[in-house]
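Worksheet: the structure to be examined is printed underneath.
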Amino acid sequence: MGEAIRIIGIDPGLRRTGWGIVESLGNSLRFVASGTVRSDDKAALAMRLCQLHDGLAEVLHAAMPHEAAVEQTFVNKDAAATLKLGQARGIAMLVPARAGLVVAEYAPNAVKKAVIGVGHGDKKQIHMMVKVLMPKATFDSDDAADALAIAICHAHHRQSIAYRLAALAG
């Protein structure tokens, strides 16, 4: 049946970056850990980005995931906030890439569709389905729950890709 693949999902944010780790083996998913890396909102932007970098690097070093997935940024009306989110997202992609991981990206609607079955839904629905899919899952913030949803999305997508590749080879 193979070995379990450890996946880290990352929900980037400048104030709070959520992370969630699952193990995928065949069709089964197992909760490993989740949490939130926080930056000091009174610190300069460069320092906040360093705090996110260092916090995520610690998580990756401790958890040793095999693959990473990050939520894509959506553009909102506040250009400055979008740019800052983009910088935090850069850190969320850089840290696993520097650790040698391939980093997948998923649109928010793709994450929702993978977890709740439709591309639109609220955070409560996502959190409820994360708990249904992994009853032992715990999360300290909405961002950590969203990161678990991103990891679940990646687990589903990598399964369908692996299935298609196996079908082509066979």
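The values are calculated or read from the model by the stated rules, or taken from the named source; none is laboratory data. Please read all numbers here as calculations on a predicted model, not as lab measurements. Cβ: placed from backbone, ideal geometry, glycine included. Neighbour counts: every protein chain shown. The protein model used for the area step is the full one, side chains on, heavy atoms only, and it has no ligands, DNA or RNA in it. Shrake-Rupley method; radii C 1.70, N 1.55, O 1.52, S 1.80 Å.
Number of residues in the stretch 25-44 that are hydrophobic (A, V, I, L, M, F, W, C) and either open to solvent by 60 Å² or more (accessible area, probe 1.4 Å) or without any contact (Cβ under 8 Å) to a residue 24 or more places away in the chain (or both) equals 3. Annotation for the stretch 35-50: no member residue is modelled with pLDDT under 95, basic (Lys, Arg) and in a loop (DSSP other than H, G, I, E, B).
Which residues, counting only those in the stretch 62-97, are over 14 Å from residue 16 (Cα atoms), touching a residue at least 24 places away in the same chain (Cβ under 8 Å), open to solvent by 60 Å² or more (accessible area, probe 1.4 Å) and assigned to a helix (DSSP H, G or I)? Hit for the stretch 62-97 is 94, nothing else. Out of 118, 111, 102, 132, one residue alone is touching a strand residue (DSSP E or B) at 6+ places or on another chain (Cβ under 9 Å) and open to solvent by 40 Å² or more (accessible area, probe 1.4 Å). It is 102. Looking at 56, 14, which is the one that is more than 17 Å from residue 149 (Cα to Cα), part of a loop (DSSP other than H, G, I, E, B) and either in contact with a Lys or Arg (Cβ under 8 Å, 6 or more places away or on another chain) or hydrophobic (A, V, I, L, M, F, W, C) (or both)? Going through 56, 14 in turn, just one is more than 17 Å from residue 149 (Cα to Cα), part of a loop (DSSP other than H, G, I, E, B) and either in contact with a Lys or Arg (Cβ under 8 Å, 6 or more places away or on another chain) or hydrophobic (A, V, I, L, M, F, W, C) (or both): 14. Of all residues in the stretch 10-24, those satisfying the criterion of being open to solvent by 30 Å² or more (accessible area, probe 1.4 Å) and under 14 Å from residue 154 (Cβ atoms) are 19, 23.
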